[in-house]
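One structure below.
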Ligand code: ACO
């Protein structure tokens, strides 16, 4: 199957629902943002830029910036507590926490273990996934594999970032684009028939290609410079690849399940750039009113952007139980991927 990870290998007979299988079903969602909002007008005071340029090129109008005491783990904890409350669960109900982040509180221990402790959870296990902006898509796919493999029943999946701390605040080509925040989903094992009408994760398609490293990377690390480093991006180069890569993995998810853009209720893309989002939806024939856009409010929050967007659209009642939802992202590595699920 082109572009499909092994998890996407649903057989045709399963699609018709002739077998019983475990599905990873969404039980709750939550989000958290730093207290401080930074508008484009404020950004004009920091670098030589304008609200017009930022809005035209990216669609971003504001972003949230973590202040003193706000970290990836603290934002992740808040999002986790909101998701637990939404699901009517407590940390006792969880077996596993997976955190997608490229901006951990510490090199180790994992931010997931930090959040586990903050939640007062001393059973089960927790680990981080690092796939930059595709991190949440990778983390949901990983959670689904653990659930379907019988290793966990209830998984808290968090995307949390403080990208403001790895930005070069004198580089106007990057610092205007990113923001901080966190979002979370709780996935629980449920029984399905194998049909596309099942609730839960239906398929995933993951990709990476390290030959693109120089187009988007952070120039530090424990094993190289011994420093954290700052983000570098060849924006035009990333843009050139983005729409093609994103549409490939979305198409792979449609093909693996025999679904089409007409069947989709919501596309919830990684929120990097309005033009990439619109271009991808147009290429696939996904109607603009089915696309959830929050890049104007949050900027690019990397692995947090999809769960933040899910929390907005499920919170305001757009995404409803039973809706078919496509998640997609592309980011540093390059990494890219899509998850198709029924809410
Ligand atoms: N304000 C004003 N002018 C600016 C700014 C700014 N903040 N930044 C750049 N410019 C100027 C440039 O210097 C250039 O000027 P020049 O023509 O005189 O040289 C001009 O604006 C155009 O610059 P481009 O880079 O060509 O602008 P582009 O239309 O490509 O938009 C952007 C830039 C928004 C970065 C776009 O390329 C993009 O979104 N790229 C993809 C980003 C992305 O999706 N990343 C992946 C996920 S992120 C992750 O994984 C961490």
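For region 89-142, the set of residues classified as more than 16 Å from the ligand (Cβ to nearest atom), touching a residue at least 60 places away in the same chain (Cβ under 8 Å) and buried (at least 24 other Cβ atoms within 10 Å of the Cβ) consists of 94, 97, 98, 99, 140, 141, listed by residue number.
Here residue 232 meets each of (1) part of a helix (DSSP H, G or I); (2) within 15 Å of the ligand (Cβ to nearest atom) with one exception, condition (1). Considering region 268-279, the residues that are farther than 14 Å from residue 342 by Cβ and buried (at least 23 other Cβ atoms within 10 Å of the Cβ) include one that is nearest to the ligand (Cβ to nearest atom), namely 272.
Looking only at region 129-159, which residues are touching a helix residue (DSSP H, G or I) at 6+ places or on another chain (Cβ under 9 Å) and under 16 Å from residue 94 (Cβ atoms)?
Scanning region 129-159 gives 139, 140, 144, 151, 152, 153, 154, 155, 156, 157, 158.
Restricting to region 293-322, give me the number of residues that are part of a loop (DSSP other than H, G, I, E, B) and either crowded, with 24+ Cβ neighbours inside 10 Å or touching a helix residue (DSSP H, G or I) at 6+ places or on another chain (Cβ under 9 Å) (or both). Number of matching residues: 7. Among the residues in region 192-215, are any assigned to a strand (DSSP E or B), over 22 Å from the mean Cα position of the chain (by Cα) and modelled with pLDDT of 95 or more? Yes; the residues of region 192-215 include at least one that is assigned to a strand (DSSP E or B), over 22 Å from the mean Cα position of the chain (by Cα) and modelled with pLDDT of 95 or more.
I'd like to know if region 304-326 contains one or more residues that are closer than 24 Å to residue 52 by Cβ and within 14 Å of the ligand (Cβ to nearest atom). Yes, region 304-326 contains a residue that is closer than 24 Å to residue 52 by Cβ and within 14 Å of the ligand (Cβ to nearest atom). For region 280-289, the candidate set comprises residues that are crowded, with 17+ Cβ neighbours inside 10 Å and part of a helix (DSSP H, G or I); within that set, the residue that is farthest from the chain's Cα centre (by Cα) is 284.
Residues are listed down the side, and each one gets a yes or a no for (1) closer than 19 Å to residue 272 by Cβ; (2) surrounded by fewer than 17 Cβ atoms within 10 Å (Cβ to Cβ); (3) out of contact with any helix residue (DSSP H, G or I) (no Cβ under 6 Å at 6 or more places or on another chain):
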site	(1), (2), (3)
189	no, no, no
194	no, no, no
198	no, no, yes
203	no, no, no
211	no, yes, yes
219	no, yes, yes
226	no, yes, yes
237	yes, yes, no
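Looking at 66, 79, just one residue is crowded, with 20+ Cβ neighbours inside 10 Å and farther than 30 Å from residue 147 by Cα, and that residue is 66.
Scan region 258-266 and give yes if some residue there is part of a loop (DSSP other than H, G, I, E, B), buried (at least 24 other Cβ atoms within 10 Å of the Cβ) and touching a strand residue (DSSP E or B) at 6+ places or on another chain (Cβ under 6 Å), otherwise no.
No, there is no match, as no residue in region 258-266 is part of a loop (DSSP other than H, G, I, E, B), buried (at least 24 other Cβ atoms within 10 Å of the Cβ) and touching a strand residue (DSSP E or B) at 6+ places or on another chain (Cβ under 6 Å).
When 108, 29 are checked against the criterion of being assigned by TED's automatic domain parsing to the domain that holds residue 184 and out of contact with any strand residue (DSSP E or B) (no Cβ under 8 Å at 6 or more places or on another chain), a single residue qualifies: 108.
Of all residues in region 112-139, those being in a helix (DSSP H, G or I), farther than 23 Å from residue 216 by Cα and in contact with a strand residue (DSSP E or B) (Cβ under 7 Å, 6 or more places away or on another chain) number 4.
Restrict the check to region 44-60 and report whether at least one residue is in a strand (DSSP E or B) and surrounded by fewer than 23 Cβ atoms within 10 Å (Cβ to Cβ). No.
The values are calculated or read from the model by the stated rules, or taken from the named source; none is laboratory data. Note that this is a predicted model, so its numbers are computed, not measured. Because the Cβ atoms are built from the backbone with ideal geometry, glycine has one as well, and the counts that use them run over all protein chains shown.
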